[in-house]
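Have a look at the structure below before the remarks.
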Amino acid sequence: MIAVIDYDAGNMKSVEKALAYLGADPVITRDRETILAADQVILPGVGSFGDAMGKLRQYDLEDVIRQTVEKGTPFLGICLGLQLLFEESEESPGVCGLGILPGKILRIPDAPGLKIPHIGWNSLEIRPEARLFRGIENGAYVYFVHSYYLKAEDEAIVAAETEYSTRIHASVEKGNVFACQFHPEKSSSVGLQILKNFTEISGPES
């Protein structure tokens, strides 16, 4: 069973639909025991960093997320879900993120001819050993919708990068923690393969 964390943050249904298409068993939930019992856990999300952290705390999900990560359950953050795993965001000064991974979320710099938010398809420069991208060719295109981007403190955790006005850390993985700034559930066959790869990653008790 894959727990898709429900904190009123938008794209849960599209993630659920993509997982079901792959034959997985997704459950949208904010129930503590369900999340802790899951084989994999996904934190999706669209919207504001500060509002999302407020919702996670309102629903007492912050501690559950930490426990899930600490016990070694494969964990995937998508879009805003990636950003929340880090320490802070320029979008919401003074609001602490989950701080599970070191790094900051910065606003995409203005650049001639480029619109912000960045909405559309960009190619990825993929690290060869990245588990989330197994079977996916370097340069594959995925779908982004964002105004803020990750600058990871530790570049060793960066699994894929892209260029849009600046160098963007588009995906990270460290141990059992994975995250994508783009939307795999909206990225056609490439995105489905990424989600399939995640569903096949097992935790320590499997």
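Would it be correct to say that Glu155 is in contact (Cβ under 8 Å) with a residue 40 or more places away in the chain and among the charged types (D, E, K, R)?
no
Determine which single condition Ile119 fails, assuming it passes every other condition in (1) touching a residue at least 40 places away in the same chain (Cβ under 8 Å); (2) in contact with a His (Cβ under 9 Å, 6 or more places away or on another chain); (3) surrounded by fewer than 19 Cβ atoms within 10 Å (Cβ to Cβ); (4) among the hydrophobic types (A, V, I, L, M, F, W, C).
(1)
Going by what's in this entry, would Ala37 be described as touching a helix residue (DSSP H, G or I) at 6+ places or on another chain (Cβ under 7 Å), closer than 19 Å to Asn176 by Cβ, open to solvent by 20 Å² or more (accessible area, probe 1.4 Å) and not polar (S, T, N, Q)?
No.
Considering every residue within segment 158-165, establish whether at least one is among the aliphatic types (A, V, I, L, M), assigned to a strand (DSSP E or B), under 24 Å from Glu62 (Cα atoms) and free of Cβ contacts under 8 Å to residues at least 60 places away in the same chain.
yes
Only residues that are small (Gly, Ala, Ser) and either assigned to a helix (DSSP H, G or I) or on the phi > 0 side of the Ramachandran plot (or both): list them for segment 8-32, please.
The answer is Gly10, Ser14, Ala18, Ala20, Gly23.
The values are calculated or read from the model by the stated rules, or taken from the named source; none is laboratory data. The structure displayed is predicted, hence computed values, not measured ones. Cβ coordinates were reconstructed from backbone atoms using ideal geometry, including for glycine residues, and neighbour counts include every protein chain displayed. With ligands, DNA and RNA removed, areas are computed over all heavy atoms of the protein, side chains included. Shrake-Rupley method; radii C 1.70, N 1.55, O 1.52, S 1.80 Å.
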